[in-house]
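The values are calculated or read from the model by the stated rules, or taken from the named source; none is laboratory data. Just so it is clear, the structure is predicted and the values come from calculations on it, not from any experiment. Positions of Cβ are generated from backbone atoms using ideal geometry, with glycine treated the same way; all protein chains shown enter the neighbour counts.
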């Protein structure tokens, strides 16, 4: 009888022969690690020394063994590995430590993956790409003490089994997609020392009072977890707690007095909530370990408790509340205080005279309060002061001479106080200061020549003071200057020739002074200049034609001076939002581009100017009359020619008129979404190439100044539609139509949100489509970031822009019915108003989510325009 071999016999035999050298060389644990290696993609060859010919894996990268050569630890953090979690690792019987932190571990973490890791004590899978539900059998691991799943995409509720961990000390689930509310059963993990659930989209819920049962807890982080209601008194039972962070929630009510029972507390973070009432008045003296307190951005009232300020604090942040009274003197005695931020409250009185004497104070911001008195002499005694922000108070006196030695200073902002006297000479030349703002005070004297030493200075703002004298030549040595605003003072004399060396300059505002002489030659070097304001001085001479080469200039005001001669025709090269040459001694013709009624006020008060603007040229003198009569004769002759032409082509014109009825304004269809103060005729009249302010993939954008003084932006789309064909449709011989006009009208017409650009109305004919929006003076974020004005975007403004944009997108995704996916979010589609408030715009590729769910293929058709990068 002949036996037939199994059909896969030869294949199995070949695999056995291939694995035989491995089986005969590396031990069993090495074999398991080799199996794990096969499941990883290892582009950096981190596992290259995992050699199957070794007797033991104990010298392999990331592997640690005990004295018996058993693998006890595997650490492959930040190794750029990808692939699913290798469950075969759990066959390593002595393995107690696994860290795959900061890799690309993906897929789900199944129940079987970890069920056999009975010896495991430390599991770190943070910063990976794991998805799905949290494994409910994790608490079955009897020795697990450390579990960190931060920065993944786990979703669903926290399993109820998580309340049964027998030995867990650290539980971190930060930045996942966990839902539900924070469960009370977490209060049953009696061994827990750290609980970190921050930055998850939990449903609104209260802080479970049961968390007060965690007597060994040292760290409790619940930042941005959608907490509501009051803080429970039970938190006062956490006697070993060192760090409590409940920031970015919607907690309300007062801070419970039991908080002062946390005698081990080092850091207290309660900022950005809706807490009210007064800070607990007693019990702070017991909290001798407390170093950092941040309860800013709430609605707290009353005074700062004296006991709190007597503690050895390092940081005190109570800004944006309604706190009042004086700042206790005890705060100046803390030897470790480096940060004091109390801005936007109702504090009054003087700053403690010894503030900064006993500690290396780095940041002080008490802006927008009612503080008075002078700047403490010892504020920079520690030699570390970087930020001195005293904006909008009632401070008086002079700048202390001691601050001239404070070489660590980076930002000095003293705006809107009552400081007086001369600025100490040494203060002008501090080498690291980048922002110097003295506006709205009573300072006098001049700018010292040693300002040449302020090599890092980018913004010099001295507006509305009593400064006098000339600008020193040395100011032209400051290569990093972006803004010089010294308007509203008594500066005099000519501008130093060195001022043209400021090649980074974005804003130069000298209006309201007593400057004289001409504009120095060489201003062509101001290639990044956006605003030039020399109004109301005594400047004279000709306007340099070089100004016409400043391509980024959009604000030019030379009014109220003694400029003479002709207006350079080169100014027509500029795209100006504001032009004012009034009240000078200019003569000759107005450049044709500006010879329009809308610019009348820009040229008034110049008797010698002529142009096709009613009210100019009146009484302009004999020498201009011959020219005027010549021009009139030319116009008469041209009129005769025109009449003859009209007669000859009358009938053809009538036919042409009938053929082009579509351009008759009576054929325009106006659809408004708000109450309008203008008509479609006014819009049509302004669609001139001179008013073009932008051009993109979908059409041109015009700036239109209406008769009522308002400004709107008009987008004229290139055409009705473009056919975009999908591969799946090509197979069927079909195509789909992408009509950005219909998409924008359908989307924007029903949206009402402060961070979505407002669509006033739309105008359509058979062959033309117009969208009329609110006008954004600061243009798009993309233009701003990549233009010379980017230097003016400090971090608070960037943060505001990011938050406004996020608010707009959040509305589209979560509050709009149906939800809307923009699908073309990029910096060029974020528009900025005059205060840099952000609006999401350009909905040409937007789509309602409910339509997508009904089989629409358009999500794959349009992947955004140029500059767009999809998330992920």
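Below is a table of values for the structure above.
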item: Residues of the range 294-325 that turn out to be buried (at least 18 other Cβ atoms within 10 Å of the Cβ) and assigned to a helix (DSSP H, G or I), as a count; result: 3
item: In the range 92-107, residue nearest to residue 131 (Cα to Cα) [restricted to those that are surrounded by fewer than 17 Cβ atoms within 10 Å (Cβ to Cβ) and at pLDDT 90 or above]; result: 106
item: Filter result for residue 118 (within 23 Å of residue 31 (Cα to Cα) and more than 37 Å from the chain's Cα centre (by Cα)); result: yes
item: Contacts under 7 angstrom Cβ, first residue in the range 795-806 being closer than 14 Å to residue 780 by Cα, partner loosely packed, with under 13 Cβ neighbours inside 10 Å and at pLDDT 85 or above, 6 or more apart; result: none
item: Residues of the range 817-837 classified as assigned to a loop (DSSP other than H, G, I, E, B) and either buried (at least 19 other Cβ atoms within 10 Å of the Cβ) or at positive phi (or both), total; result: 5
item: Cβ-Cβ under 6 Å pairs, at least 6 apart or on other chains, the range 105-122 side within 16 Å of residue 142 (Cβ to Cβ), far side at pLDDT 80 or above and outside any loop (DSSP other than H, G, I, E, B); result: 116/90; 117/90; 122/97; 122/146
item: Checking residue 817 against (1) out of contact with any helix residue (DSSP H, G or I) (no Cβ under 8 Å at 6 or more places or on another chain); (2) at pLDDT 85 or above, the condition it does not meet; result: (2)
item: Of all residues in the range 281-293 being out of contact with any helix residue (DSSP H, G or I) (no Cβ under 7 Å at 6 or more places or on another chain) and surrounded by fewer than 16 Cβ atoms within 10 Å (Cβ to Cβ), the one that is nearest to residue 267 (Cα to Cα); result: 289
item: Residue that is in a loop (DSSP other than H, G, I, E, B) and over 23 Å from residue 448 (Cβ atoms), where the choices are 353, 372; result: 353
item: Set 68, 72, 56: member being in the same structural domain as residue 129 (by TED's automatic domain parsing), more than 38 Å from the chain's Cα centre (by Cα) and outside any loop (DSSP other than H, G, I, E, B); result: 72
item: Residue 850 being surrounded by fewer than 20 Cβ atoms within 10 Å (Cβ to Cβ) and modelled with pLDDT of 75 or more; result: no
item: Complete set of residues in the range 472-488 that are buried (at least 21 other Cβ atoms within 10 Å of the Cβ) and without any contact (Cβ under 8 Å) to a residue 40 or more places away in the chain; result: 475, 478, 481, 484, 486
item: Residue pairs meeting the criteria (Cβ under 6 Å; at least 6 apart or on separate chains; first over 27 Å from residue 250 (Cβ atoms), in the range 273-291; second part of a helix (DSSP H, G or I)); result: 285/307
item: Among (1) outside any strand (DSSP E or B); (2) within 17 Å of residue 462 (Cβ to Cβ); (3) under 27 Å from the mean Cα position of the chain (by Cα) - the single one residue 504 does not satisfy; result: (2)
item: The range 530-552 - residue that is assigned to a loop (DSSP other than H, G, I, E, B) and surrounded by fewer than 17 Cβ atoms within 10 Å (Cβ to Cβ) and, of those, farthest from the chain's Cα centre (by Cα); result: 542
item: Listing of helices (runs of 4 or more DSSP H) fully contained in the range 630-737 that carry 3 or more residues being at pLDDT 70 or above and in the same structural domain as residue 765 (by TED's automatic domain parsing); result: 680-685
item: Test: residue in the range 398-407 that is without any contact (Cβ under 8 Å) to a residue 40 or more places away in the chain, part of a strand (DSSP E or B) and in contact with a strand residue (DSSP E or B) (Cβ under 8 Å, 6 or more places away or on another chain); result: no
item: Filter pass, residue 26 being at pLDDT 95 or above and either loosely packed, with under 11 Cβ neighbours inside 10 Å or closer than 22 Å to residue 97 by Cα (or both); result: no
